[in-house]
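Here's the structure, in structure tokens; my notes come after.
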Amino acid sequence: MRGEWRGASGGVGPDRLVYFRYLRGAGRDVDCFWTPLLVGLFSMLSFPVARRLSVVTALAFLVAVPGLLADEGSPSREPSRAGGKAQRRAILHTTDSLESVLDLVREKRAVLIDVRELREWEEGHLERAVFLPLSKLNADAVQDPEVLEKLDKLSKDKIIYCHCKSGGRVLKAAPFLKSLGFDARALKAGYEDLLEAGFEKAKPESGEEETGN
């Protein structure tokens with residue numbers, strides 16, 4: 001190869017451009033990305049000390065650059081949203097029909113939890129519902145005597161159906177109650193929807209809540 005290279009160059013020293021033409025003519029694939037690097041490398045090979053350093057540097061560069069280019073386009077470097085979407089899909093509304101929920105509540109085999117806030121509760125709530133606002137269902141709940149008292153009265157042998165105004169807040173309340181060991185399920189139907197489905201509204205003079213026992 002060296003003899004053909006020298007002959008092609010027409011001189012004693014390496015003619016870089018002719019050398020690359022030789023490589024292409026020999027059927028070797030020389031990527032244009034590496035051409036400037038290799039041209040600069042051959043220009044340094046005439047120096048004995050720099051020759052070894054050039055080879056070592058070039059080898060290190062050849063090993064490192066492909067990995068860097070691969071990492072740059074790697075999906076792991078892009079913000080991943082799959083985990084968030086999977087988490088939201090995991091927290092779903094119950095598929096239990098409102099008819100079966102109503103029957104279970106009437107038979108005292110299930111308990112309704114109203115996770116709306118106090119103002120909403122006072123404007124109207126369901127008969128047999130337990131008032132446990134979402135703002136209280138958090139890590140600080142274990143330090144709230146009122147919340148602890150209501151949680152202690154709930155039976156873990158019964159289904160806990162959570163409802164709010166439109167089915168949004170229950171997706172946070174139900175997982176919290178599940179973490180406490182309750183069979184908590186989120187209702188997609190809101191307060192008004194439950195009234196239309198046949199759930200009874202508590203009478204204004206009756207300010208007491210059922211505990212589900």
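Output the residues belonging to the stretch 113-158 that are among the small types (Gly, Ala, Ser) and within 29 Å of the chain's Cα centre (by Cα). Ser135, Ala139, Ala141 - these are the residues of the stretch 113-158 that are among the small types (Gly, Ala, Ser) and within 29 Å of the chain's Cα centre (by Cα).
Results for (1) surrounded by 16 or more Cβ atoms within 10 Å (Cβ to Cβ); (2) at pLDDT below 95; (3) in the same structural domain as Leu104 (by TED's automatic domain parsing), shown as yes or no for each residue.
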site: Ala129; (1), (2), (3): yes, no, yes
site: Ser135; (1), (2), (3): no, yes, yes
site: Asn138; (1), (2), (3): no, yes, yes
site: Val142; (1), (2), (3): no, yes, yes
site: Leu151; (1), (2), (3): yes, yes, yes
site: Ile160; (1), (2), (3): yes, no, yes
site: Arg169; (1), (2), (3): yes, no, yes
site: Leu187; (1), (2), (3): yes, no, yes
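Of all residues assigned to the stretch 159-171, at least one qualifies as being in a helix (DSSP H, G or I) and under 29 Å from the mean Cα position of the chain (by Cα). Please go through the stretch 131-147 and give me each residue that is without any contact (Cβ under 8 Å) to a residue 24 or more places away in the chain and within 18 Å of Leu112 (Cα to Cα), ordered by number. Listed by number, the residues that qualify are Pro133, Ser135, Lys136, Glu146, Val147.
Each row is one residue, and each column tells you yes or no for (1) farther than 21 Å from Glu99 by Cα; (2) not basic (Lys, Arg).
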residue: Val130; (1), (2): no, yes
residue: Ser135; (1), (2): yes, yes
residue: Asn138; (1), (2): yes, yes
residue: Asp157; (1), (2): no, yes
residue: Arg169; (1), (2): yes, no
residue: Leu194; (1), (2): no, yes
residue: Lys201; (1), (2): no, no
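In the stretch 154-189, the qualifying residues are those that are of a type in the set (S, T, N, Q) and touching a residue at least 12 places away in the same chain (Cβ under 8 Å), and the one that is farthest from Arg128 (Cα to Cα) is Ser166.
Residue under question is Ser155, and the condition is that it be within 16 Å of Lys188 (Cα to Cα), assigned to a loop (DSSP other than H, G, I, E, B) and among the polar types (S, T, N, Q); does it hold? Criteria not met by Ser155.
Of all residues in the stretch 138-157, those satisfying the criterion of being touching a strand residue (DSSP E or B) at 6+ places or on another chain (Cβ under 9 Å) and of a type outside the set (Asp, Glu) are Lys150, Lys153, Leu154, Ser155, Lys156.
The values are calculated or read from the model by the stated rules, or taken from the named source; none is laboratory data. Nothing here was measured: the structure is a model prediction, and the numbers come from that model. Neighbour counts are summed over all protein chains in view; Cβ atoms, including those assigned to glycine, are modelled from backbone coordinates with ideal geometry.
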